[in-house]
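A short worksheet on the structure shown next.
The values are calculated or read from the model by the stated rules, or taken from the named source; none is laboratory data. In this text the structure is predicted, and so the values were computed from the model without any measurement. Please note: Cβ atoms are built from the backbone with ideal geometry, for glycine as well, and neighbour counts cover all protein chains shown. We work out accessible area using only protein heavy atoms, side chains counted, and drop any ligands, DNA or RNA first. Shrake-Rupley method; radii C 1.70, N 1.55, O 1.52, S 1.80 Å.
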Amino acid sequence: MSTSEYKVQGMTCGHCVSAVTEELTKLPGVTDVQVDLASGRVTVQSDAPLADPDVVAAVDEAGYEVVTA
């Protein structure tokens, strides 16, 4: 089991949370997605480590942006 955390910019409501969750859940091996709307933190649990570009692409598909430090 692998857990990754990302900061996502642009989410403002429950629909945003649903859109991001739906896209990330489509990634192979993802078992759980938790979104904290207030902080913009997204925690993804998966069977194996996820490739960051895949996560970024899924969040982008939902219409939001992963913020990198």
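Points to keep in mind about this one:
- Taking each residue of region 24-36 that is under 16 Å from ALA51 (Cα atoms) and looking for partners that are surrounded by fewer than 16 Cβ atoms within 10 Å (Cβ to Cβ) and of a type in the set (Gly, Ala, Ser) with beta-carbon atoms closer than 6 Å, six or more apart or interchain, yields GLY29/ALA48.
- Count - residues of region 22-51 that are of a type in the set (Ser, Thr, Tyr) and either open to solvent by 60 Å² or more (accessible area, probe 1.4 Å) or touching a Ser or Thr at 6+ places or on another chain (Cβ under 6 Å) (or both): 3
- Whether a residue is open to solvent by less than 80 Å² (accessible area, probe 1.4 Å), charged (D, E, K, R) and touching a helix residue (DSSP H, G or I) at 6+ places or on another chain (Cβ under 8 Å) was assessed, and GLU65 does not pass this test.
- Residues that are assigned to a helix (DSSP H, G or I) and open to solvent by 20 Å² or more (accessible area, probe 1.4 Å), drawn from region 1-18: GLY14, HIS15, VAL17, SER18
- Listed by first and then second residue, the pairs linking a residue in region 5-22 that is at positive phi to a residue that is in a helix (DSSP H, G or I) and of a type outside the set (Val, Ile, Thr), with Cβ atoms under 9 Å apart and 6 or more places separating them unless they lie on different chains, are GLY10/CYS16.
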